[in-house]
Every structure is written in structure tokens, then in C-alpha cells.
1. Can you tell me which condition THR219 does not meet? The list is (1) hydroxyl-bearing (Ser, Thr, Tyr); (2) under 28 Å from GLU3 (Cβ atoms); (3) open to solvent by 20 Å² or more (accessible area, probe 1.4 Å), and all the others hold.
2. Any idea which of (1) at pLDDT below 95; (2) loosely packed, with under 13 Cβ neighbours inside 10 Å; (3) over 24 Å from GLY181 (Cα atoms) is the one TYR152 doesn't satisfy?
3. If you go through the stretch 63-72 one residue at a time, how many are out of contact with any helix residue (DSSP H, G or I) (no Cβ under 8 Å at 6 or more places or on another chain), crowded, with 16+ Cβ neighbours inside 10 Å and not in a strand (DSSP E or B)?
4. Given the conditions (1) surrounded by fewer than 13 Cβ atoms within 10 Å (Cβ to Cβ); (2) modelled with pLDDT under 95, and given that HIS206 satisfies all but one, which numbered condition is not satisfied?
5. Cβ-Cβ below 6 Å, separation at least six or inter-chain, first residue in the stretch 26-50 and in contact (Cβ under 8 Å) with a residue 12 or more places away in the chain and more than 26 Å from ALA74 (Cβ to Cβ), second open to solvent by 10 Å² or more (accessible area, probe 1.4 Å) and of a type in the set (Asp, Glu): which pairs?
6. For the stretch 131-175, how many residues meet the condition of being within 22 Å of LYS45 (Cα to Cα) and touching a helix residue (DSSP H, G or I) at 6+ places or on another chain (Cβ under 8 Å)?
7. If I filter the stretch 193-200 for residues that are open to solvent by less than 10 Å² (accessible area, probe 1.4 Å), in contact with a strand residue (DSSP E or B) (Cβ under 7 Å, 6 or more places away or on another chain) and modelled with pLDDT of 95 or more, do I get at least one hit?
8. If you go through the stretch 23-62, how many residues are open to solvent by less than 40 Å² (accessible area, probe 1.4 Å), closer than 22 Å to VAL220 by Cβ and of a type outside the set (S, T, N, Q)?
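The values are calculated or read from the model by the stated rules, or taken from the named source; none is laboratory data. Just so we're clear, the structure is a prediction, and the values are computed from it rather than from any experiment. Positions of Cβ are backbone-derived with ideal geometry, glycine not excepted, and every protein chain shown enters the neighbour counts. Surface areas here come from the heavy atoms of the whole protein model, side chains and all, with no ligands, DNA or RNA. Shrake-Rupley method; radii C 1.70, N 1.55, O 1.52, S 1.80 Å.
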Amino acid sequence: MVEDIILETRALTKEFKGFVAVSEVDLRIRRGSIHALIGPNGAGKTTCFNLLTKFLAPTRGLILFEGHDITAEAPAGVARRGIIRSFQISSVFPHLTVLENVRVALQRSLNTSFHFWKPERSLDVLNARALELLAEVGLQDYAGHAAVELSYGRKRALEIATTLAMDPKLMLLDEPTQGMGTEDVDRTRALIKKVAAGRTVLMVEHNMSVVSSIADTITVLQRGSTLAEGPYEAVSRNPAVIEAYMGSAQTELQGAH
């Protein structure tokens, strides 16, 4: 059976005035999988995300999405194809309610995003779908709360709900558990696993316990290049990966289970 690859990069490279931030990276993201991009600080993970969402143009290489060459496309075109990065559309509006935040993201389906003259009640048609999305991320009981009142972990859940509202084919999550305490990390881990059912997720994540428990495939970057790739069990035992992490991070890598 031929693998169903939703996103592929070929020799993806980004240079900044002679500094090579991403070097000859070949990624193959299987449809319906959770794929994690990990590596020490400065490994090129965020640059990779910026290349995939076209916030940066590659120096050379190809980006293919569902078989189409999107290397030269603008960010808006890439988003319309269904590649949605959480922070792109998930900035929480603090003084809108949780429900209203999701409705804003859902407006695209009505093609009325810029129809500012229309009354707010014209968006009521979106309420049922917004509540479904809030239920999916465990926020249905907070629908009427102002977003500013949410805990940090629940704000991240709201961001995931607004990302889902864009109906992504590929969700890119950049450090979804960064800055969270243990309880919020566990809740977010379970949430990502839940929303990934039937979807494709590419995530950058430092927390190895999260990566080890939910990622199907892990790509390890070091100095902009691919160091290793495979399931967590294989990657975590790779001597080159252990050496790259060193010290405390090495202990974390090996002890994630």
C-alpha cells in the first residue's frame, strides 16, 4: 500500500546572509498522523514552520501539499488550501466571550469576515457549530465567559478550537504546551490526541513526555539538518540524538516514558 503523504519537502533550505538555518530537509507527513519536530534550541524547528506556512521564502528546495507545488505560494493561499498554524488565526480576543472568539474564526465559512456593517445577530447562525467546537476542546461550560478570564491552559484550548474552526487539513501546532504546569500539560496532551483523530498534525514540542505519548513519527533536527527520524522508541535510543541533547535534556529524552 502506498503511503498517503499530505505534505512533503524536498531539500528544503533557508539561508540568512550566509547562515544556513535549515539545510536540505526532507519531510514526509502521512495523512492522519501526528508528526513531531524536535531538536535542541537553534535546531531550525521554527524556521521550518515559517517556511511551510510561507512566512519565509525558502532559499531553495520544494514544498508539496497534496501533490501540488506550493513553494512560491503566498501565506493566504497556503491557508486556503488547509494548512493552518495555530497562532496565525488563534489570537484570543480577550474581551470577547469564548463563544464569540470561535464565531470570529467561523465567519470565513459565511464569506462575511469584512462585512462590519452587519448586525452581530447575523452571526447567530454560527452558534451551534461554535458550541460543537467548544465541546470538542472541553470549553462548552465557558462559552459565555470573557476569554481574559480563562486560565493559560484553557486559552490554549480556545486557540485550538479557533484553529479547528478553519477546518484545517493540516494543523501546525508550535509549542502547544510551552509555559504550562503539569495539569494543563496533561489536559493539552489529551486534547491534541482527541482533535487529531481523523486529522493530520505537525507539531513542534519540547516536552518529551508529550511527544513520546502521542507522536506517530518524530523528526529530530540539529543545526538545521535532519539528524534522525522514526517512532519515539527508535529515535530516543539513537546515539546521535542522545549526544545532541546532552545533559538534562538527554535525561529527559531517555526518561520520557
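1. With respect to (1) hydroxyl-bearing (Ser, Thr, Tyr); (2) under 28 Å from GLU3 (Cβ atoms); (3) open to solvent by 20 Å² or more (accessible area, probe 1.4 Å), THR219 is out only on (3).
2. Unmet for TYR152, out of (1) at pLDDT below 95; (2) loosely packed, with under 13 Cβ neighbours inside 10 Å; (3) over 24 Å from GLY181 (Cα atoms): (3).
3. Residues of the stretch 63-72 out of contact with any helix residue (DSSP H, G or I) (no Cβ under 8 Å at 6 or more places or on another chain): 64, 67, 69, 71-72.
Okay, now just the ones that are also crowded, with 16+ Cβ neighbours inside 10 Å, so 64, 71.
This time we only want the ones that are not in a strand (DSSP E or B), so: 71.
So the answer is 1.
4. In the conditions (1) surrounded by fewer than 13 Cβ atoms within 10 Å (Cβ to Cβ); (2) modelled with pLDDT under 95, HIS206 misses (1) alone.
5. Correct list of pairs: ARG30/GLU3; SER33/ASP216; ILE34/ASP216.
6. From the stretch 131-175, those within 22 Å of LYS45 (Cα to Cα) are 156, 159-160, 163, 168-175; that's our starting set.
Those still in the list that are touching a helix residue (DSSP H, G or I) at 6+ places or on another chain (Cβ under 8 Å) too: 156, 159-160, 163, 169, 171-174.
Result for the stretch 131-175: 9.
7. Looking for residues that are open to solvent by less than 10 Å² (accessible area, probe 1.4 Å), in contact with a strand residue (DSSP E or B) (Cβ under 7 Å, 6 or more places away or on another chain) and modelled with pLDDT of 95 or more, one finds at least one in the stretch 193-200, hence yes.
8. Here is the first cut: in the stretch 23-62, the residues open to solvent by less than 40 Å² (accessible area, probe 1.4 Å) are 23, 25, 27, 29, 33-40, 43-45, 47-54, 58, 61.
Of the ones still in play, those that are also closer than 22 Å to VAL220 by Cβ are 23, 25, 27, 29, 33-40, 43-45, 47-53, 58, 61.
Right, trim to of a type outside the set (S, T, N, Q) and you get 25, 27, 29, 34-40, 43-45, 48-49, 51-52, 58, 61.
Matching residues across the stretch 23-62 total 19.
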